[in-house]
Amino acid sequence: MSADESSLWEKEYVVEKHPLRWWALAVAVLAVLVDMIDNQIVAVALPTIQRELGTGDSALQWISAGYALGFALTLITGGRLGDRYGTKKLFLAGMVVFTGASLAAGLAGHVEVLIAARVIQGVGSGLMVPQVLSFIHAEFDEKERPKAMTYYAGAFPIGGLAGPLLGGVLTQADLFGIGWRAIFLINLPIGVLALIGALVTMPSRPGFFRHRMDFSGLLLLTAGLFAIFYPLVQGRELGWPKWSIYLMVAAIPLLAIFALHQRIKAKRGGEPLVPPALLKYRSLSGGQAVMLCINTAVGVFFILTLHLQLGLGFSPLEAALTFAPSTIGIVVGNVLGMQLAPKLGRAFTAGAIVVLLASLVAIAVLVQQLGHDLNVWALLAPVIGFGLGMGAVLNSLFGVSMSEIQMQQAGAASGLVNTTVQLGTATGIALFGTVFFSRLGSGFESATVSAIAVSVGVLVLALLFTTLLPGKKQGAGQAAAAADEHKAGASAR
């Protein structure tokens, strides 16, 4: 960043606290919640959509996969665009795209239109979601940030759990006789509310950079991410054909070329899409290693849902209600993360992972021992325990990942963090789905327990990776340095 740009940054960002920042945060978190719900809400309605639109299984898969692909491929770019043009502008643009695509999806008369609308919905979310973490990093100081991060982190697991539940309720309720279309049209009033709220409450800050967008880097990154995500979201459903394996292998040289391109661009004084300096931060690189494992391991809940429905005859709504109590644990875990994670550092993160491990082992024992007698009440305690661990670990990981990031890097870092979440989620569903269906010949209990065993192994790996995170003293030093930098800038002003 040039001297003139640095001066502009200080003038615009080293300012007094925005009076409406908490209201703006509420709007931003609402957008994240809607994104997570929309990612999952369609699953319950797919049989109804197939019946009414007369579509085949392949097209049906794309109704789900299209959203995930559009979202995952746009996150890093969306974050970087926020750095360039300002978080508010990109948040509003993303919400407009998402809301318009939701209208198109709700009115779709052909499956091709619905698939296209779902992809565009994902793109809108990919532009919008990275701005939230950037907004928190820019507008809240070190004392307020843990509380703000609590609301942000809680939106991910709660939205993921609420999606299937809301989808089942809306589909069965058949509001105004529109059936499954309600799951998309409900986004319209929420989108309008979020747009008005953002316009009124979000501060307008300029972007940090004035140079041209790194389009060559964008093409390389998109190609590399596509080579990873497309096989992950489609490979298992198609039986892992050879092309899916070849495509994932091709991602390695594509991303290597992208990394080299970014280093060269940075050395020449340009603005790379993902600044290589980001990966030098131990908090970010270590945090992403743990976060990838955590979000992969959580994919086992997809298998538990299949076990309840296919093995025990639960309806989709009953299965969703079985896991609804985990929201109690998520809320408590988030509050604990807000209070204890900044003080305990990686010890808190490790402790949260241990809670996740204990809860999953308990669920595996119940599945194996109770068989067809497994019920909601038997699962209540470990489900709440899993939510407790999940809320706590996500809160701590989001916080630690951004702890060393400078404000002008926040968009790129936010895009990277959210891409890690999506990569872990896609990997988990593909991994555990493959394990589950390959073991199904031995019975539902055996297949489910096998998938849980793999998830436990992934969590153990996450526990080992916590050693890569900065310790309590180092984290405190970083926070102090950031506070000193803020005070120095304010004095200069």
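The values are calculated or read from the model by the stated rules, or taken from the named source; none is laboratory data. What you see is a predicted model, and the numbers here were worked out from it, not measured in a lab. Backbone-built Cβ (ideal geometry, glycine too); neighbour counts: all protein chains shown. Areas reflect the complete protein model, heavy atoms only, side chains present, ligands, DNA and RNA absent. Shrake-Rupley method; radii C 1.70, N 1.55, O 1.52, S 1.80 Å.
How much of Asp373 can a 1.4 Å solvent probe reach, expressed as accessible area in Å² and rounded to 10?
110
Let me check something: with ligands and nucleic acids excluded, how do His18, His110, His137 order by accessible area (1.4 Å probe), largest to smallest?
His110, His18, His137
For Cα pairs less than 8 Å apart in space and 6+ apart in sequence, what is the mean separation divided by the residue count of the chain, i.e. the relative contact order in percent?
For the chain, the relative contact order is 22 percent.
Before anything else, pin down the relative contact order of segment 199-319: Cα pairs under 8 Å, at least 6 apart, normalised by residue count, whole percent.
21
Here is the link list: Lys242/Lys265; Lys89/Lys147; Lys242/Lys267; Lys17/Lys89; Lys17/Lys265. Which ones come out longer than 27 Å on Cα distance?
Lys242/Lys265; Lys242/Lys267; Lys17/Lys265
Using a 1.4 Å probe and counting only protein heavy atoms, arrange Ile136, Ile429, Ile37 so the residue with the most accessible area comes first.
Sorted by accessible area, descending: Ile429, Ile37, Ile136.
At R0 = 25 Å, how high is the FRET efficiency between Ala324 and Ala256 if r is their beta carbon distance? Nearest 0.05 is fine.
0.05
Can you give me the solvent accessible area of Met291 with a 1.4 Å probe, rounded to the nearest 10 Å²?
Surface open to solvent at Met291 totals about 0 Å².
Ranked by accessible surface with a 1.4 Å probe, highest first, in what order do Trp23, Trp180, Trp62, Trp243 come?
Trp23, Trp243, Trp62, Trp180
Quick one: work out Rg over Rh on the C-alpha atoms of segment 315-356, Rh as Kirkwood radius.
Taking Rh as the inverse mean 1/r over Cα pairs, Rg/Rh reads 1.17.
State in Å² the accessible area per residue of segment 83-196; use a 1.4 Å probe, count heavy atoms of protein chains only, and round to the nearest integer.
Per-residue accessible area for segment 83-196 comes out at 35 Å².
As a test question: what accessible area, to the nearest 10 Å², does Ser315 have when a 1.4 Å probe is rolled over all protein chains in place?
Here the accessible area works out near 40 Å².
Determine, from the Cβ-Cβ distance of Ile245 and Ala453 and an R0 of 25 Å, the FRET efficiency 1/(1 + (r/R0)^6), rounded to the nearest 0.05.
0.55
What distance in nm separates the two pseudo spin-label positions at Ala266 and Leu103, each 7 Å out from Cα along the beta-carbon direction?
Simple spin-label model gives 4.2 nm for this pair.
How much of the accessible area of segment 106-239, probe 1.4 Å, is carbon plus sulfur, in whole percent?
Here carbon and sulfur together make up 71 percent of the probe-accessible area.
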